[in-house]
Amino acid sequence: MILDVRLVPGAFDPAGELAAFAARVPAAGGVVSFLGKVRADSGVEALEIRHYEPMTLPGFAALAQTAARRWALEGLLLLHRVGEMGPDAPIVLVAAAARHRRDAFAATDFVMDHLKSESWLWKRERTAQGWRWIEPRAQDHADRARWT
């Protein structure tokens, strides 16, 4: 079982990361991935993600381990950017590899639902009006609640 969990301080290549991950899980019948990017609409000029590494990285690792215990996975990849990034930049890449697709789909969905509602990260975006903090939406909490 491969668990690859990283905070990434700079740009990353989603296609390259996904290809490398898929190559490390040859027994998987399917690899499901989700790529989150900075929205290039609504006047967003930049997104900043702050974190406290002693909390964030262990929290991400625990989330990955929970997904690995819950579904029959061959591997899980969780990469999350930190720092400031511009529109269309990759923010997060989650990929799950499993012998059967349903486990991979469910694990990826589970991880993303948790990241959107309780991710040990602080996010803010800059528009022409200045910076504003981004809080999880009610839908983010509802999405996470369906896993309990």
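The values are calculated or read from the model by the stated rules, or taken from the named source; none is laboratory data. These figures come from a predicted structure and were not determined experimentally. Virtual Cβ from ideal backbone geometry, glycine too; neighbours counted across all protein chains shown.
With (1) among the β-branched types (Val, Ile, Thr); (2) at pLDDT 95 or above; (3) within 20 Å of GLU125 (Cα to Cα) as the list, and VAL44 as the residue in question, which single condition is left unmet?
The number of the failed condition is (2).
Looking at (1) within 16 Å of the chain's Cα centre (by Cα); (2) farther than 20 Å from TRP120 by Cβ; (3) modelled with pLDDT of 95 or more; (4) in a loop (DSSP other than H, G, I, E, B), can you tell me which one ALA15 breaks?
(4)
State all residues of region 104-134 that are of a type in the set (Gly, Ala, Ser) and in a strand (DSSP E or B); if no residue qualifies, say none.
Let us first name the residues in region 104-134 that are of a type in the set (Gly, Ala, Ser), namely 104, 106-107, 117, 119, 128, 130.
Selection gives GLY130 alone.
Is there a residue being surrounded by 18 or more Cβ atoms within 10 Å (Cβ to Cβ), among the basic types (Lys, Arg) and within 17 Å of the chain's Cα centre (by Cα) anywhere in region 117-132?
no
Residue by residue, here is whether (1) over 16 Å from ARG81 (Cα atoms); (2) touching a residue at least 12 places away in the same chain (Cβ under 8 Å) holds:
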| site | (1), (2) |
| --- | --- |
| ILE2 | yes, yes |
| ALA11 | no, yes |
| ALA15 | no, no |
| LEU18 | no, yes |
| ARG24 | yes, yes |
| VAL31 | yes, yes |
| TYR52 | no, yes |
| PHE60 | no, yes |
| ALA68 | yes, yes |
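Considering only residues that are within 16 Å of GLY36 (Cα to Cα) and in contact (Cβ under 8 Å) with a residue 60 or more places away in the chain, which ones fall in region 89-106?
Restricting attention to region 89-106, the residues satisfying the condition of being within 16 Å of GLY36 (Cα to Cα) are 89-96, 105.
ALA89, PRO90, LEU93, VAL94, ALA95, ALA96, PHE105, listed by residue number.
State all residues of region 50-69 that are modelled with pLDDT under 95 and either on the phi > 0 side of the Ramachandran plot or aliphatic (A, V, I, L, M) (or both); if no residue qualifies, say none.
Within region 50-69, MET55, LEU57 qualify.
Given (1) surrounded by 12 or more Cβ atoms within 10 Å (Cβ to Cβ); (2) farther than 22 Å from SER119 by Cα, identify the lone condition not met by LEU7.
Unmet condition: (2).
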